Structures are given as structure tokens and as C-alpha cells.
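One structure is given below, encoded as C-alpha cells.
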Amino acid sequence: MHARIIAGGILGALWLAGSAVAQEPKPTTPEIAFQWNVRIPLRDGVNLSAVRYRPQAQQVGTPCIFALTPYTAQRNHPRAMYFAGQGYTYYAVDVRGRGNSEGVFTPMLQEAKDGYDVSEWLARQPECNGKVAMSGGSYGGYSQWAVAKELPPHLVTIVPVAAVGPGIDFPILNNIPYTYNMQWLTFVSGHASQDRIFADGAFWGAQYKRWYEAHAPFKELDTYIGNPSPIFQGWIEHPQQDAYWDSYRPSPEQYAKMTMPILSITGHYDDDQPGALSYYKEHMRHGGSRAKAAHYLIIGPWDHDGTNIPQAEMGGLKFAPAALIDMPALHIAWYDWVLKQGKKPEFLKDKVAFYMVGEEAWRYAPSLQAATASTQTWYLDSQGGRANDVFEAGQLRGAPSAASTPDRYVYDPLDTGPLQYEYRPDVFAPGYAYILDQRGTQLSSGKQLVYHTPVLERDTDIAGFFKLSAYIALDQPDTDFTAKLYEVRADGSTVYLTQELKRARYRASLREAVLVTPGKVERYDFDRFPFTARRLSQGSRLRLVIAPLNSLAMQKNYNSGGVAADESGKDARKVTVTLYHDAQHPSALYVPIAAKSSVNGK
């Protein structure tokens with residue numbers, strides 16, 4: 001659903017919103033009964049518009065699958081044709097205020113109750129046998145969770161793919177907003193699709209560059225874009241986790257009442273992995289034992305779009321055929337199992353399936369935690385406080401230093417240097433090898449901290465969530481960090497693995513802002529890295545980069561400690577970030593070592 005920050009660069013979002021739809025499978029039969037603009041009444045008198053697809057020869061009711069989309073129903077045509085060809089009635093439903101539906105579009109807040117009404121209306125239709133399911137990815141994945149939390153009696157299953165987590169990964173990530181928010185809000189402005197405007201990555205890059213170079217307040221971004229947005233301004237009023245964001249997502253009590261089987265799907269490089277896994281983790285925490293036993297999770301080697309149609313190459317990485325799951329067929333197998341008492345999908349050999357890149361094989365685990373067998377600890381260190389350069393970096397050691405000079409970098413928020421590696425035409429083009437690009441790290445020499453492990457003596461399989469605990473002091477009340485992990489291969493090339501963003505004022509909690517006391521050394525726990533799984537090759541090293549977050553893609557923090565959305569260049573303060581690594585301050589990186597597969601023990 002939204003743009004990606006990878007290795008310091010911004011990636012255009014066309015394909016992240018579903019450009020692979022043209023590659024959807026063709027239906028097994030052309031004999032589909034089609035009905036355009038079916039009107040679905042809601043409890044408040046608003047009528048939604050849907051396009052219905054059903055098997056032409058079907059004489060009795062079938063299970064009904066529906067998708068709630070803000071992108072207009074016609075974009076779902078290939079998937080709808082396929083599902084109808086497999087014996088299901090499919091409704092592509094325009095959400096309130098979009099496409100041919102009545103009402104006013106309020107992103108994400110409206111889908112819960114509207115979807116409940118759609119589910120129960122469908123269950124009463126003669127073409128439906130009373131069993132209702134949902135489908136969709138990204139916003140459509142979020143819609144499924146929103147509807148499920150309302151507990152519609154006839155909703156039998158959901159298959160949320162790359163599900164957006166409001167307040168988790170969109171429109172803020174760790175309480176830091178995206179500039180992409182305005183690109184997406186323009187896409188869904190009005191009733192019609194603004195897909196050509198949305199898809200022009202070079203245009204959006206130029207808009208963001210103009211705002212970035214002006215050092216204008218984030219709250220003025222919608223005006224800079226030329227699309228003043230009350231929705232954008234409303235989001236700005238909630239800069240941290242609170243009841244507003246909580247209201248979008250299921251509560252613990254609602255998770256506890258869910259009983260339906262669920263298939264969740266995300267990817268290593270899926271921007272909405274934080275949201276998708278937050279739903280999964282909360283359901284595992286609060287759901288009943290029977291419901292949790294019926295929740296399956298798949299984490300593939302994909303980006304956001306790849307969760308829909310996996311590709312053989314993504315971001316410069318190439319994968320074996322094992323990664324190329326036939327997603328539509330898997331969905332049908334799931335629906336057949338749950339809705340038609342068919343066989344359990346063969347792919348689902350245990351509750352969690354994750355792809356081990358490098359091994360090029362799927363591994364299985366009974367739980368997400370069980371994907372990790374152990375944790376390997378590497379302590380940060382440097383020679384004489386010199387860790388600012390890729391070629392003269394600090395070290396990640398097996399034991400903490402008894403005494404060592406702290407490392408530091410100085411960050412000036414007026415620095416526009418990132419433009420030299422972020423603002424390039426190829427960044428906005430499909431096929432850009434962003435996972436293999438290390439120019440951002442190289443060109444930021446002296447403005448960051450870099451640490452390497454020793455050369456790995458054997459292949460090392462990692463799977464799970466990295467964690468970094470760093471003892472840091474600032475001389476200003478706030479700043480933003482990014483912590484990134486790479487594999488540095490024996491030939492010097494790199495593979496980006498994962499990263500976490502952190503705003504210092506939220507170092508203790510995303511629900512409370514506490515400004516930094518200048519000069520005070522505190523432990524910063526970077527414990528929200530996305531899940532990753534990869535075989536690190538013998539001869540490789542791990543690289544940890546700790547740097548300021550200074551990007552076209554994100555709200556700028558000018559370090560003054562004021563309201564970040566209101567700050568501009570006139571508020572800018574240089575900050576010195578000092579990282580300690582001694583006996584009293586054992587800064588460390590915790591690496592998740594993969595467990596063997598629960599299937600065949602491999």
C-alpha cells in the first residue's frame with residue numbers, strides 16, 4: 001500500500017498498490033455470469049456498488065467471497081474471473097465514497113461496520129449458500145481484519161495478504177509519518193481512480209524533493225502537493241499510538257471472540273509486514289486455543305507486490321522456483337478446505353511457513369517464535385572511537401570491551417546530501433536493484449556508525465527478529481535514527497536484510513513522548529525489526545549501520561523537541577549522537593539463529 005525505504009532510498013509505489021494484477025491467472029472457464037453495479041444497502045441508508053461474478057452453470061448457491069477495495073472494483077476483475085471459474089461467487093465491492101458507491105470515503109475507519117453489513121447481506125442472497133469469506137491484499141488485507149473484528153455471523157474465513165496495520169505501518173511507522181501518505185491520498189481522492197497521477201514516480205519524487213529542499217513543515221506537505229487534505233491533517237493530530245489508532249484494529253476482547261480459520265500472508269520485504277504480523281501476534285496472544293490452532297502464517301521472500309504474485313527476481317535478488325507459489329491456487333485450496341470441506345492445502349505443513357533465502361527452501365514451525373532456535377550476541381566496539389566509515393568501521397565482537405572510546409556522529413537536519421542517492425530516475429522504475437545497492441552507505445561516510453562481524457567461518461542460517469541495544473547520549477532533546485543490517489559477501493557486494501526506524505522521544509514507549517535529557521546516557525532498544533530469514537554464506541560478514549533518518553520518504557525531525565509536524569528549517573539543530581560500548585554500557589546486536597524445519601528436520 002505504501003512506499004518503501006530501503007538502504008536509504010525511496011522506491012516508487014506503483015507496483016506496491018497492485019500493478020501485478022495484469023499477471024493474474026486466467027479463469028478455467030469463460031462461462032461466468034456477470035452483473036455490474038449491484039447495489040448493497042447499508043444500515044445508514046448508503047448503498048455500496050459491487051460487481052458480481054458467478055459460475056454460469058451453477059444452479060444452487062455457492063460460498064460467496066468478497067473484497068472491499070478503495071481502488072475501484074474493476075481492478076479486481078482478473079481475480080474475480082478466476083475465483084468464479086473455480087466455483088465461487090465473487091463480489092468486488094467499492095468502499096463507501098469510492099468508485100460507484102455512495103457516501104464519503106474516510107480511509108480505513110469505515111470498513112468495519114460497512115463490511116459487516118456486506119457480509120450479512122451476501123449471506124441472504126440466493127446465489128450464496130450462507131457461507132461468506134473475504135479476499136484481498138494491502139488495504140484489502142486491512143479491510144478483512146476490520147470486518148472480522150465486528151464478528152459477522154456468516155463470515156467463515158479471511159485470507160489477509162500484506163495487511164496494512166493502521167498506526168503500525170501506515171500512515172506512520174514507529175510514529176514517524178511517510179511523505180507517501182499524500183501520494184496515496186491523491187490516488188484515492190474523489191470517486192474515480194487517480195492511477196495515472198499515482199503511478200508517476202518521477203513526478204512524486206520531484207514533489208517530495210521540492211518540499212524537502214525547502215525545509216518546510218510536514219503539515220504543509222498536502223499544500224505543496226496541491227491537494228489540501230483534511231484526512232492528512234487529521235492523521236497529523238495523532239502523532240503517536242493512542243485510542244484513535246487503536247480503534248482501527250481489533251481489541252483483545254474481539255480477538256478472543258474470533259473463531260474462524262485465518263490464513264495470513266506477508267513477505268520479508270513487505271512494507272506492511274509490521275501490520276500483518278501485529279494482527280497475527282495479537283491473535284496468538286488473545287485468541288482462544290481453537291482459533292489460534294486454525295490460524296496459519298506464510299512469510300515469503302517477497303516485497304509488498306510479491307505477496308500477491310511472487311516473482312523470480314525482486315530488488316536484484318533471484319529466487320529458486322520454490323519461492324514462486326501459485327497464490328491464486330493456494331487461496332482456492334484454502335477456501336475449498338474451509339468452505340467446501342475439501343482437503344487441507346498441501347503447502348500448509350505446519351502453522352508457520354517461512355522461506356529461507358540462500359537455502360532456497362521453505363521451512364516450517366509450530367509458531368513464529370519457534371522459527372528462531374537461539375540468539376547470537378555481538379558486542380559493538382571500535383578502535384579509538386572510529387566507526388564512521390565503511391572501510392574503517394567498528395567491530396562486532398563476541399565479548400564486550402572492558403573499556404573503549406565511544407563513537408559519535410554529527411547530524412545536521414539541513415543536510416540535503418541524501419538527494420545524491422535517493423533522487424534518481426532509476427529509483428522510481430521497476431527492476432531497480434535496491435536490495436543490492438550500498439551507495440547510500442558509501443556516500444554517507446563520516447555521518448553514520450558502521451560495525452562488522454568477523455568473517456563467518458561457516459554458513460549461518462538466520463530467521464526471526466534482530467534486536468539492537470545501544471547506549472546513546474544526545475546533546476539535543478530529540479532526533480531520528482535508522483538501524484540497518486546487511487550481509488557483506490566475500491566479494492564485497494552487499495544484501496540489505498532489514499532495518500528499524502526510531503524517534504528518540506519514543507525510546508521507551510510508542511504511546512508516550514519523553515524528550516531526551518541532553519548528555520544523559522540511555523539504552524535504546526531497537527526491537528521492532530521486521531522478520532527476515534536468510535542463509536549467510538561462509539566468508540560473509542554482517543554489517544550494522546546506525547545513522548540519522550534523513551530521507552525524502554519520511555517526515556523530517558529537526559531535533560528541537562517541538563511538534564515534529566510543525567517544525568521547519570528554522571527550528572533545525574545539529575545533534576551529536578554518542579554511542580557507548582564498554583563494561584558499563586554493553587551495546588550489542590542480537591542475531592536470530594534459525595531453527596530446523598519442523599517438517600523433515602531440515
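The values are calculated or read from the model by the stated rules, or taken from the named source; none is laboratory data. What you see is a predicted model; the values in this text were computed from it and never measured. Positions of Cβ are backbone-derived with ideal geometry, glycine not excepted, and every protein chain shown enters the neighbour counts.
Out of Thr532, Thr576, one residue alone is surrounded by fewer than 21 Cβ atoms within 10 Å (Cβ to Cβ) and β-branched (Val, Ile, Thr). It is Thr576. Quick check on region 255-270. Is at least one of its residues under 30 Å from Gln438 (Cα atoms), among the aliphatic types (A, V, I, L, M) and surrounded by 23 or more Cβ atoms within 10 Å (Cβ to Cβ)? There is at least one residue in region 255-270 that is under 30 Å from Gln438 (Cα atoms), among the aliphatic types (A, V, I, L, M) and surrounded by 23 or more Cβ atoms within 10 Å (Cβ to Cβ).
Determine whether region 200-209 contains at least one residue that is outside the structural domain of Ser119 (by TED's automatic domain parsing), outside any helix (DSSP H, G or I) and acidic (Asp, Glu). Yes, because at least one residue in region 200-209 is outside the structural domain of Ser119 (by TED's automatic domain parsing), outside any helix (DSSP H, G or I) and acidic (Asp, Glu). On inspection, Gly300 passes the criterion of being touching a helix residue (DSSP H, G or I) at 6+ places or on another chain (Cβ under 8 Å), within 17 Å of Ala533 (Cβ to Cβ) and not in a helix (DSSP H, G or I). Within region 196-214, work out how many residues are in contact (Cβ under 8 Å) with a residue 40 or more places away in the chain and in contact with a Phe, Trp or Tyr (Cβ under 7 Å, 6 or more places away or on another chain). Residues that pass the stated criteria total 5. With the structure loaded, tell me whether Tyr423 is crowded, with 20+ Cβ neighbours inside 10 Å, in contact with a Leu (Cβ under 8 Å, 6 or more places away or on another chain) and modelled with pLDDT under 85 or whether it fails that test. Yes: the conditions hold for Tyr423. Against the condition under 20 Å from Pro70 (Cβ atoms), surrounded by fewer than 18 Cβ atoms within 10 Å (Cβ to Cβ), within 22 Å of the chain's Cα centre (by Cα) and not basic (Lys, Arg), how does Asp169 come out, does it pass? When the stated conditions are applied, Asp169 does not pass them. Entry remark, region 122-143: residues being on the phi < 0 side of the Ramachandran plot, in contact with a strand residue (DSSP E or B) (Cβ under 9 Å, 6 or more places away or on another chain) and surrounded by fewer than 24 Cβ atoms within 10 Å (Cβ to Cβ) number 7 in total. If you go through region 345-352 one residue at a time, do you hit one that is touching a Phe, Trp or Tyr at 6+ places or on another chain (Cβ under 8 Å), modelled with pLDDT of 95 or more and either assigned by TED's automatic domain parsing to the domain that holds Lys447 or part of a strand (DSSP E or B) (or both)? Yes, region 345-352 has at least one match. Entry remark, region 215-229: residues being in contact (Cβ under 8 Å) with a residue 12 or more places away in the chain and either in contact with a Cys (Cβ under 7 Å, 6 or more places away or on another chain) or assigned to a helix (DSSP H, G or I) (or both) number 6 in total. All of Arg52, Arg75, Arg79 fail the test of being of a type in the set (Lys, Arg), within 19 Å of Asp117 (Cα to Cα) and at pLDDT 60 or above, apart from Arg52. Among the residues making up region 131-144, a single one is of a type outside the set (A, V, I, L, M, F, W, C) and touching a Cys at 6+ places or on another chain (Cβ under 9 Å): Lys131.
Anything in region 63-88 that is hydroxyl-bearing (Ser, Thr, Tyr) and farther than 28 Å from Leu109 by Cβ? List them, or say none. Within region 63-88, Tyr82, Tyr88 meet the criteria. Is it the case that some residue within region 208-215 is within 27 Å of Ser568 (Cα to Cα) and among the hydroxyl-bearing types (Ser, Thr, Tyr)? Within region 208-215 (the criterion being within 27 Å of Ser568 (Cα to Cα) and among the hydroxyl-bearing types (Ser, Thr, Tyr)), the answer is yes, since at least one residue qualifies. The strands (runs of 3 or more DSSP E) falling completely within region 32-94 that include 1 or more residues that are charged (D, E, K, R), assigned by TED's automatic domain parsing to the domain that holds Thr106 and under 21 Å from Ala146 (Cα atoms) map to 89-94. Filter region 256-273 down to residues that are touching a Phe, Trp or Tyr at 6+ places or on another chain (Cβ under 9 Å) and either among the acidic types (Asp, Glu) or not in a strand (DSSP E or B) (or both) and give me whichever is nearest to Pro345 (Cα to Cα). Filtering region 256-273 for residues that are touching a Phe, Trp or Tyr at 6+ places or on another chain (Cβ under 9 Å) and either among the acidic types (Asp, Glu) or not in a strand (DSSP E or B) (or both), the one nearest to Pro345 (Cα to Cα) comes out as Pro261.
On the stretch given as region 461-475, residues that are over 26 Å from the mean Cα position of the chain (by Cα) and more than 17 Å from Lys502 (Cβ to Cβ) total 1. Of all the criteria given as (1) free of Cβ contacts under 8 Å to residues at least 60 places away in the same chain; (2) touching a Ser or Thr at 6+ places or on another chain (Cβ under 8 Å); (3) not basic (Lys, Arg), the one not satisfied by Tyr116 is (2). Among the residues making up region 306-357, those that are within 19 Å of Arg535 (Cβ to Cβ), among the hydrophobic types (A, V, I, L, M, F, W, C) and in contact with a helix residue (DSSP H, G or I) (Cβ under 9 Å, 6 or more places away or on another chain) are Ala312, Met314, Leu317, Ala323, Val352, Phe354, Val357. Out of all the residues in region 312-334, is one or more in contact (Cβ under 8 Å) with a residue 60 or more places away in the chain, within 26 Å of Ile462 (Cα to Cα) and assigned to a strand (DSSP E or B)? Yes: region 312-334 contains one or more residues that are in contact (Cβ under 8 Å) with a residue 60 or more places away in the chain, within 26 Å of Ile462 (Cα to Cα) and assigned to a strand (DSSP E or B).
Listed conditions (1) within 25 Å of Gly446 (Cβ to Cβ); (2) touching a residue at least 24 places away in the same chain (Cβ under 8 Å); (3) touching a Phe, Trp or Tyr at 6+ places or on another chain (Cβ under 9 Å) are all met by Ala565, apart from (1). Tell me which residues, restricted to region 108-154, are modelled with pLDDT of 95 or more, part of a loop (DSSP other than H, G, I, E, B) and touching a helix residue (DSSP H, G or I) at 6+ places or on another chain (Cβ under 8 Å). Ser135, Gly136, Ser138, Lys149, Glu150, Leu151, Pro152, Pro153, His154 - these are the residues of region 108-154 that are modelled with pLDDT of 95 or more, part of a loop (DSSP other than H, G, I, E, B) and touching a helix residue (DSSP H, G or I) at 6+ places or on another chain (Cβ under 8 Å).
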